[in-house]
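Q: Let me begin by handing over the structure; questions about it come next.
The values are calculated or read from the model by the stated rules, or taken from the named source; none is laboratory data. Note that the structure is a prediction, hence the values are computed from the model and not measured. Virtual Cβ from ideal backbone geometry, glycine too; neighbours counted across all protein chains shown. These area figures cover heavy atoms from the full protein model, side chains too; ligands, DNA and RNA do not enter into them. Shrake-Rupley method; radii C 1.70, N 1.55, O 1.52, S 1.80 Å.
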Amino acid sequence: MDHIDRRGSIRRMDNIAIVVDDLAAAKAFFVELGLELEGEATVEGSAVDRLVALEGVRSDIAMMRTPDGHARLELTKYHTPLSRNGDPHAPANTLGAHRIMFAVEDMDDILERLRPHGAELVGEVVQYEDSYRLCYLRGPAGILVALAEQIG
């Protein structure tokens, strides 16, 4: 397929942002999973208010980076205005629901290390054909995380 140079095309996906209620717990969970803390900041002011269409925004953010440096996850804790509660146990087929999938090595070790951080399996660890072991788990704030371990 020929590359077409378009002025209005995307260059890459920069990050995914997730709102959490406990930023420290969310950071600890994702550090244990293997992400690295890239940086932290507090954001507020009229530009932020206009960007997200809320008034009086003050939030702390933590930017997490995958070990390969190609993907980032922004964890956001709103101090003001208060965040609305979502359903932390919403099923995987809920409209607008999100999940993040990570390619991992030694899924059993990772699951064991994440349990003290509140991780709970949603279903079971399953084997897909002769290629992957897969699982869904809940992380902080009900974040749905999928793990995929290549086998064979």
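Q: Which option, (1) 169; (2) 135; (3) 97, is the value of volume of the Cα convex hull per residue in Å³ that was calculated from these coordinates?
A: Computing volume of the Cα convex hull per residue in Å³ and matching it to (1) 169; (2) 135; (3) 97 gives (1).
Q: May I ask you to give the solvent-accessible area per residue for the range 10-142, in square angstrom, as obtained with a 1.4 angstrom probe?
A: On the way: 8790 Å² over 133 residues.
Per residue, the range 10-142 has 66 Å² of solvent-accessible surface.
Q: Further, regarding this structure: Got the relative contact order for the range 100-152 handy, in percent, Cα pairs under 8 Å and 6 or more residues apart?
A: Relative contact order of the range 100-152: 42 percent.
Q: Could you tell me which of His117, Ile61, Tyr136 has its Cα farthest along the dipole of the range 38-138 towards the positive end, charges placed at Cβ (Lys, Arg +1; Asp, Glu -1), taken about the Cα centre?
A: Ile61
Q: Go ahead and estimate [θ] at 222 nm for the chain from helices alone: -39,500 (n - 2.57) per DSSP H run with n ≥ 4, summed, over the residue count, rounded to 500.
A: Result for the chain, helices only: -5000 deg cm²/dmol.
Q: Additional query: Where the only charges are on Cβ atoms (+1 Lys, Arg; -1 Asp, Glu), what is the dipole of the range 1-112 about its Cα centre, to the nearest 20 debye? Let's see the in-between values first.
A: On the way: 12 positive and 21 negative charges, 151 e Å.
Using Cβ point charges on Lys, Arg, Asp and Glu, the range 1-112 gives about 720 debye.
Q: The range 98-112 to the range 1-75: how many Å between their Cα centroids?
A: Taking the Cα centre of the range 1-75 as reference, the centre of the range 98-112 is 20 Å away.
Q: Report Rg/Rh for the range 80-152, rounded to two decimals, where Rg is the Cα radius of gyration and Rh the Kirkwood radius.
A: The Rg/Rh ratio comes out at 1.03.
Q: Using a probe of 1.4 angstrom, how much of the accessible area of the chain is carbon and sulfur, in percent?
A: C and S atoms contribute 50 percent here.
Q: Moving to a separate point now. Sequence gap at least 6, Cα distance under 8 Å: using those rules, report the relative contact order of the range 61-152 to the nearest whole percent.
A: Rounded, it is 25 percent for the range 61-152.
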